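Worksheet: the structure to be examined is printed underneath.
Laboratory data are not the source of any read-out in this text; all were calculated from the coordinates shown. None of these values were measured; they are calculated from a predicted model. Methodologically, a virtual Cβ is constructed for each residue, glycine included, from the backbone with ideal geometry; neighbour enumeration extends over all protein chains shown.
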Amino acid sequence: MPARPTPLRRAGPAVAALAVLAVLAWLPQYYGSTQTALFGRAIAFAVAALGLNLLTGYNGQVSIGHGAFFGFGAYTTAILMKDHDWPFLATLPVVAVAGLVVGAAVGFPALRVKGLYLALVTLGLAALFPDLVTRFVRGTGGTTLVQIPKVTAPGWATGFAPQDDQWRYYLVLAVAAVLALLAWNLVRGRFGRALIAVREHEAAAATVGIDLARVKVSAFAVSAAYAAVAGSLLVLVTGLANAGRVETFQLSIDFLVIIVIGGIGTVLGPIVGAWLFVFLEDWTKQVFPDTPLLSPALFGVALILFVYVLPDGLIGGARRVTRRLRRRPPPDGTRATPHPEVNPA
Amino acid sequence: MSRIVSRPLGTPTPANLRAPEAKEPHMHITTAHSTSLRSRRRLRRPAGWAALLVVLALLLAACGGGRSEEKRTDGGDGGDGAASELIDTSGCASDPSVEVTGDTIKLGTSLPQSGLYSAFQEILRGEEAYFRYVNEELGGVKVGGKTYKIELVNKDDQYQADKTVQNVNGLINDDKVFALFNVVGTKNNLAIRDLVNEQCIPNLFAATGSPAWGNTKYPWLLGTMLVPYPLEMQAFVDYLKQEKPDATIAVLRASDDFGRAYADTLKRLVGGTDLRIVKEATYNPEVSDTKAQVTSLAATEADAFVLGATLLACPNALQAVREAGWQPIIYMSGTCTSKTLMNIAGPAADGVLSVGSLMDPNDPRWASDPRMRLYKEKVPQYAPEADVTNGIVAYGWTTAAFLVETLQSSPKLTRLAVMETARTLDVEGVGLQLPEASLSVDEDDWFLGEIFTMVRYDAGKGYFVTEGDVLDFSGKTRSITPPDLITG
């Protein structure tokens with residue numbers, strides 16, 4: 001048996017996480033409301049990508065329909081707040097549970113279809129959702145736009161969040177931190193191992209006693225709940241819920257791009273990916289205001305590059321670099337840049 | 001795209017994409033060197049965190065700071081010296097009676113420049129051409145005896161309302177624009193109207209014909225000169241009363257607020273006449289395929305067909321009508337009167353009725369009109385990539401001209417003065433506006449674009465021909481429109 005990790009080693013990730021959290025908490029103190037809204041968006045996207053990554057990265061099931069779960073959460077929160085005067089935080093448990101239920105409902109067909117076909121089923125979900133919204137939601141001015149009452153900072157919070165947008169950002173950050181921790185624990189426990197085992201080899205997983213159907217449906221449910229709560233968080237940032245076909249489909253693709261860029265099958269990957277994604281989108285807009293097509297083109301190119309050069313995303317790439325710097329040979333005898341054909345699954 | 005994405009995401013997962021946990025000893029079903037794996041795992045963590053920090057640092061380096069410079073957005077210190085009878089300024093977050101210093105008027109706009117609705121970016125080209133012309137040849141805009149150059153900051157929102165909010169926040173807080181100009185889209189303007197109301201920033205000429213711009217709770221938002229959708233229906237009902245007073249009508253409308261504005265108004269207007277709506281069908285505005293609906297409507301053999309649709313659904317429905325062998329009198333939404341859409345419809349668009357308040361750049365009748373000549377000379381000069389025959393460019397040019405007119409009519413350059421001026425304006429002959437169509441609003445009438453003509457598309461000539469006299473519905477929009485479409 002190898003030596004146990006020293007206490008310091010074990011505390012490492014916790015210290016790093018706290019450091020990052022501290023930086024994130026400091027941001028709205030320094031930056032203005034426009035940037036703070038942008039950071040809030042990045043965090044909401046990170047939560048949705050965390051959820052998608054549980055499903056796609058850890059469990060190997062593809063979804064191009066997460067924009068629908070996201071929109072579902074957004075509308076649930078917005079309608080509860082606007083029409084029923086609920087406070088924001090009270091809507092979250094409802095959104096999470098409803099997300100679990102809807103996700104499980106979608107997960108059942110996923111038991112029968114895989115890969116490309118599953119992608120198509122979820123794509124159908126992204127296509128269907130805006131129709132449902134158009135049919136059932138009557139928001140501002142008769143449109144499908146639902147605007148929430150302004151969420152203001154409570155009196156006791158004025159010390160650290162004198163402005164309302166700062167308070168909203170802290171709410172988003174707090175919820176996201178809890179969800180990130182939850183995801184981190186989840187993938188390190190029994191459930192996480194089961195997810196991976198099912199992804200790697202279903203028959204083998206079943207042989208060691210894993211209930212395939214239960215794991216797959218749970219993966220869908222949890223993943224959908226994450227996306228739904230992420231939708232609620234974005235409502236808090238932007239003050240509105242809205243879902244057109246374009247938005248829903250675009251979000252679904254955005255989340256996929258985020259996990260590919262960040263690193264599939266890691267907890268940090270989607271977080272890094274989301275920040276980079278939101279930052280790049282905004283940055284290209286500001287630096288090249290007269291070439292609006294640059295941003296989508298850039299992401300297209302980045303995606304292709306990532307698939308070829310950094311197939312394991314930024315996180316995977318960074319890990320390989322540090323390994324090389326320490327001049328340790330790759331542990332299992334493969335090349336430092338593994339290719340599928342030399343290291344078959 | 002899908003091919004690229006599906007490869008790493010599909011099953012079986014390539015080994016190089018595997019999660020670190022997949023290589024934990026007890027999980028590795030094939031082989032595992034547990035000691036070396038353990039050591040590798042230890043090394044991975046810092047790398048991941050380092051990557052996260054690098055990304056954060058990059059992001060921060062690119063963003064400007066500035067929390068300290070910001071005003072509280074929820075305070076109410078506005079309007080001490082700005083007693084206004086037209087607009088209540090007591091709740092303003094910033095004082096709207098502060099005069100602009102410097103010699104530039106900074107305006108902001110948000111509109112789709114990429115994505116499905118990117119065709120609307122032609123509006124921006126028309127606007128920019130006009131502003132450049134004013135800045136370079138006329139020296140700028142004269143307000144209250146001083147001359148200012150116009151600067152237009154544009155942002156892309158892909159027609160997504162939440163991005164419009166983000167853009168407008170940036171335009172107000174970071175770019176510090178004086179006013180918003182010609183923000184495109186009904187939802188997009190609805191999403192920002194609370195914000196502009198709080199900040200007391202003029203949102204001039206929200207670029208849709210939605211009747212919601214008549215809502216008196218939002219004095220800082222003024223709609224554009226597009227004909228309000230309910231008025232289109234009034235014009236067509238009047239037309240039918242003349243031509244075929246006992247006509248049966250079939251309606252195809254988008255299944256959203258836009259389509260509802262047509263159908264609800266029409267229902268209201270046919271009450272008490274011999275006109276009769278025999279069937280109404282809806283289509284999904286994001287699909288644009290209307291063939292099934294048109295086929296079922298054609299079965300009614302109604303005398304008239306109202307098309308409350310926009311963009312590609314218009315040519316699609318027109319072709320479906322032709323294929324069904326149905327020959328009703330067709331009325332099509334004014335939002336579809338573009339050369340591009342009519343070219344798609346081809347001969348199926350011949351004879352279609354609609355409304356317009358601008359001179360059609362393709363109509364030889366206007367070729368010698370000085371305002372049309374100016375447009376055709378300056379647009380290629382200042383926006384060479386724009387197509388002068390495109391009605392969307394003509395619209396952008398005209399709104400820009402209208403804005404300059406508004407600014408020059410304002411006694412001084414404050415937000416309040418400009419907004420008050422816009423709310424009491426009465427001008428003629430601006431941009432490519434029809435010679436007879438004046439633009440006017442006052443205290444009780446918040447709608448521009450109430451004077452227009454009916455037009456009929458001539459597929460042989462390739463442009464819209466004026467049908468009948470100029471129609472003047474000044475001050476009528478509010479009484480024609482079902483109230484919940486305005487205040488909803």
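Peptide A:237-248 has a mean of 6 when you count, residue by residue, the C-beta atoms of other protein chains within 10 Å of its C-beta.
Counting only other chains, and only Cβ atoms inside 10 Å, what mean value do you get across the residues of A:196-209? Let's see the in-between values first.
Details: counts 9, 3, 1, 6, 11, 4, 2, 0, 2, 1, 0, 1, 2, 0.
The shielding value for this peptide is 3.
When both bridge partners sit in the protein assembly as shown, DSSP labels roughly 40% of those beta bridges antiparallel. Computed from backbone phi with θ = phi - 60° and the Karplus coefficients 6.51, -1.76 and 1.60, the 3J(HN,Hα) list for the stretch B:181-196 is 9, 6, 5, 8, x, 5, 4, 4, 6, 4, 5, 9, 6, 5, 4, 5 Hz; x is used for glycine and proline. When each of the peptides A:157-164, B:104-111 is scored by the mean number of other C-beta atoms lying within 10 Å of its residues, the order from highest to lowest reads B:104-111, A:157-164. Each distinct pair of alpha carbons in chain A adds a 1/r term; the inverse of their mean, the Kirkwood radius, is 21.2 Å. Helix A:66-84 and the longest principal axis of the C-alpha atoms of chain A enclose an angle of approximately 30°. Working note: 222 nm ellipticity from helices only, DSSP H runs with n ≥ 4, each -39,500 (n - 2.57), summed and divided by the residues of the protein assembly as shown, gives -17000 deg cm²/dmol to the nearest 500. In this simple spin-label approximation, residue B:476 and residue B:373 carry label points 7 Å from Cα along the Cα→Cβ vector, and these lie 3.5 nm apart. Cross-linked pairs B:376/B:412; B:163/B:339; A:150/B:163; B:187/B:279; A:216/B:163: Cα-Cα separations exceed 23 Å for B:376/B:412; B:163/B:339; B:187/B:279; A:216/B:163. For residue B:473, the residues 5 or more places off, or on other chains, whose built amide H falls under 5 Å of its own are B:451, B:452.
Of B:479, B:357, A:232, the sequence from fewest to most neighbouring Cβ atoms within 10 angstrom is B:479, B:357, A:232.
Between residue A:23 and residue A:324, the simple label model (points 7 Å from Cα in the Cβ direction) yields a spacing of 2.3 nm. Computed from Cα positions, the angle between helix A:245-262 and the longest principal axis of chain A comes to roughly 40 degrees.
Residues whose amide H comes within less than 5 Å of that of residue B:465, counting only those at least five positions distant or on another chain, are B:456, B:457, B:458 (H built at 1.01 Å from N in the peptide plane).
Averaged over the residues of peptide B:164-172, the number of Cβ atoms from other protein chains lying within 10 Å of each residue's Cβ is 5. For the stretch B:229-357, the relative contact order is 25 percent, taking Cα pairs closer than 8 Å that sit 6 or more residues apart in sequence and dividing their mean separation by the residue count. Dimensions of the protein assembly as shown from C-alpha coordinates, computed as largest minus smallest value along each principal axis and given longest first, are 94, 64, 51 Å. Label zone of residue B:436 (point 7 Å out along Cα→Cβ, amide N under 19 Å): in the stretch B:228-243 this covers B:228, B:231-243. Amide H contacts under 5 Å for residue B:278: B:249, B:250, restricted to partners 5 or more places along the chain or on a different chain, H placed in the peptide plane at 1.01 Å from N.
Here the 3J(HN,Hα) profile of the stretch A:150-160, calculated from phi with Karplus coefficients 6.51, -1.76 and 1.60 at θ = phi - 60°, is 5, 8, 10, 6, x, x, 5, 9, 5, x, 9 Hz, Gly and Pro shown as x. If I model a spin label as a point 7 Å beyond the Cα along the Cα-Cβ vector, how far apart are those points for residue A:128 and residue B:267 in nm? Each label point lies 7 Å from its Cα, and together they span 2.9 nm.
Phi-derived couplings, Karplus 6.51 cos²θ - 1.76 cosθ + 1.60 at θ = phi - 60°, listed residue by residue for the stretch A:125-135: 4, 5, 6, 6, 4, x, 5, 4, 4, 4, 6 Hz, with x used for Gly and Pro. Relative to one another, the C-alpha centroids of the stretch A:156-172 and the stretch A:254-272 are positioned 28 Å apart.
Given a Förster distance of 51 Å, report the FRET efficiency between residue A:204 and residue B:412 from their Cβ-Cβ distance, rounded to the nearest 0.05. About 0.05, to the nearest 0.05.
Residue ranges A:141-154, A:38-51, A:297-310 sort as A:38-51, A:141-154, A:297-310 when ordered by packing (mean number of other C-beta atoms within 10 Å per residue, highest first). Note down the Stokes-Einstein diffusion coefficient of the stretch A:1-109 in µm²/s, whole number, using a Kirkwood radius over alpha carbon pairs, 20 °C, and 1.002 mPa s. Reported coefficient: 125 µm²/s.
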